[in-house]
1. If a residue must be over 12 Å from Leu125 (Cα atoms), aliphatic (A, V, I, L, M) and under 8 Å from the mean Cα position of the chain (by Cα), how many such residues does region 64-103 contain?
2. Which count do you get for residues in region 30-43 that are over 22 Å from Ala122 (Cβ atoms) and touching a residue at least 60 places away in the same chain (Cβ under 8 Å)?
3. Scan Ile89, Ile63, Ile59 and give me the residue that is free of Cβ contacts under 8 Å to residues at least 40 places away in the same chain, among the β-branched types (Val, Ile, Thr) and crowded, with 19+ Cβ neighbours inside 10 Å.
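Values quoted throughout were computed directly from the atomic coordinates according to the rules given, and no laboratory measurement underlies them. Because the structure is a prediction, the values reported are computed rather than measured. Heads up, the Cβs are rebuilt from the backbone with ideal geometry, glycines too, and the neighbour counts pull from every protein chain shown.
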Amino acid sequence: MVEHLIPQIRAISFVCFLFHNVERKMYTNLNELLLEFGPEELARLSGDPSGGNINHTRIAYAIENASNLVDSFLRNRFTVPFSPVPPMIKLVARELTIANLFEYANHTGFLPPTIAKRKSYAMYLLRQIQNGDLQIFTNESEYRRTLLTNKENENRLFNDDLLDKFVEL
């Protein structure tokens, strides 16, 4: 009955295997999640009701989705994926990963209020970074804001001579 589908299933499985194993920069990891949750709670969130085994595939899926969301938000402002990963990006990705895990574990749509607030805050931080209102680099040499202008020295309202008269505080 299903025998005629076996070649297609094998082909799809192989493509999924190749796609899933492409090297990609993730912004958080299992060890960071284990700092937030105990192994039993993380196992429950990843799909094992007994809390005995952590589903690494589901954890990786949640991390990948969070990392993709970060990249999607910030690709017009920064070169992504980030390398090295700024601490603020790690924080945002971890918060989004936790929210993803809770959403995957609970298909009724209910998200605990604390997790909903954490997700909302992570999205707020992403928007702040995207708008340039929040710096993510700790070292000035890693990123320097560029100011573009269409003014030349001749057509500026305040020329260099006038500006030189002011003392910087």
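1. Number of matching residues: 2.
2. Count: 0.
3. Of Ile89, Ile63, Ile59, the one residue that is free of Cβ contacts under 8 Å to residues at least 40 places away in the same chain, among the β-branched types (Val, Ile, Thr) and crowded, with 19+ Cβ neighbours inside 10 Å is Ile63.
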